1. How do the pairs read when you match residues in segment 217-241 that are on the phi < 0 side of the Ramachandran plot and modelled with pLDDT under 90 with residues anywhere that are surrounded by 13 or more Cβ atoms within 10 Å (Cβ to Cβ) and part of a loop (DSSP other than H, G, I, E, B), using Cβ under 6 Å and keeping only pairs 6 or more apart or on different chains?
2. Which count do you get for residues in segment 103-112 that are part of a loop (DSSP other than H, G, I, E, B) and touching a residue at least 12 places away in the same chain (Cβ under 8 Å)?
3. Looking at (1) modelled with pLDDT under 95; (2) crowded, with 16+ Cβ neighbours inside 10 Å, can you tell me which one residue 106 breaks?
4. Test each condition in (1) modelled with pLDDT of 95 or more; (2) crowded, with 22+ Cβ neighbours inside 10 Å for residue 45 and report the one that comes out false.
5. Filter segment 62-86 down to residues that are surrounded by 15 or more Cβ atoms within 10 Å (Cβ to Cβ) and more than 17 Å from the chain's Cα centre (by Cα), then give me how many there are.
6. Would segment 2-16 turn up any residue that is surrounded by 16 or more Cβ atoms within 10 Å (Cβ to Cβ), modelled with pLDDT under 95 and either touching a strand residue (DSSP E or B) at 6+ places or on another chain (Cβ under 9 Å) or over 23 Å from residue 161 (Cα atoms) (or both)?
7. Residue 163: modelled with pLDDT under 95 and surrounded by 13 or more Cβ atoms within 10 Å (Cβ to Cβ), yes or no?
8. Select from segment 128-154 the residues that are free of Cβ contacts under 8 Å to residues at least 24 places away in the same chain and over 21 Å from the mean Cα position of the chain (by Cα) and list them in ascending order.
């Protein structure tokens, strides 16, 4: 088991954003996290990445307890993440941006540059292109490249495929598959069901801070609790009539 989250909860004052969630991810899996807005999946995701400390519960990565570890410690352990809104160093080239991630495993500049070049080629970017000239699809791809250059064993993708045209979406799905074929385990938060249905074999559905369903994409989309969470009780009644 590569990643284990055990009874993870996160409270902000009296509000419980996550109320005891469990997740176990084996090496080589692609697991999806879905749920309506405000369901708690992003908070749970941030706990996995080390950007938010859980109130209770434990998070283990390859047997090591990272529950209260810093984001930097998560990265060094082999967990990389993207953000919903990608950030870039606009005054730097694509290659220089990716080198920022490469320095984590390759402290010597020449080694970092060569490693970053390989990642840039993998992601289909142009090394000498200024980062500021990239549109949303390019910025998302650049952030994935920078994280990938840090050598993660587990990649946490936070809506990295949102906001793309149908053609761009297919290219992004192909990129995620290439990354997975490199041996990287992936946990992905996404609202686009095409992405979930295409890439994942197992999905966890969040609602009101709890996991309400778990299974294959085909199973969870037929689950009555999931239908109610997304569409309301009226939709559930209509299905039963």
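1. 229/36; 230/36
2. Within segment 103-112, the first condition is being part of a loop (DSSP other than H, G, I, E, B), and the residues that meet it are 103-108.
Of the ones still in play, those that are also touching a residue at least 12 places away in the same chain (Cβ under 8 Å) are 104-105.
So the count comes out to 2.
3. Every listed condition holds for residue 106 apart from (1).
4. Against the list (1) modelled with pLDDT of 95 or more; (2) crowded, with 22+ Cβ neighbours inside 10 Å, residue 45 comes up short only on (1).
5. 4
6. Taking every residue of segment 2-16 in turn, at least one turns out to be surrounded by 16 or more Cβ atoms within 10 Å (Cβ to Cβ), modelled with pLDDT under 95 and either touching a strand residue (DSSP E or B) at 6+ places or on another chain (Cβ under 9 Å) or over 23 Å from residue 161 (Cα atoms) (or both).
7. On the way: modelled with pLDDT under 95: yes; surrounded by 13 or more Cβ atoms within 10 Å (Cβ to Cβ): yes.
So residue 163 fits the description; yes.
8. 133 - this is the single residue of segment 128-154 that is free of Cβ contacts under 8 Å to residues at least 24 places away in the same chain and over 21 Å from the mean Cα position of the chain (by Cα).
The values are calculated or read from the model by the stated rules, or taken from the named source; none is laboratory data. This is a predicted model, so every value here is computed, not measured. Positions of Cβ are backbone-derived with ideal geometry, glycine not excepted, and every protein chain shown enters the neighbour counts.
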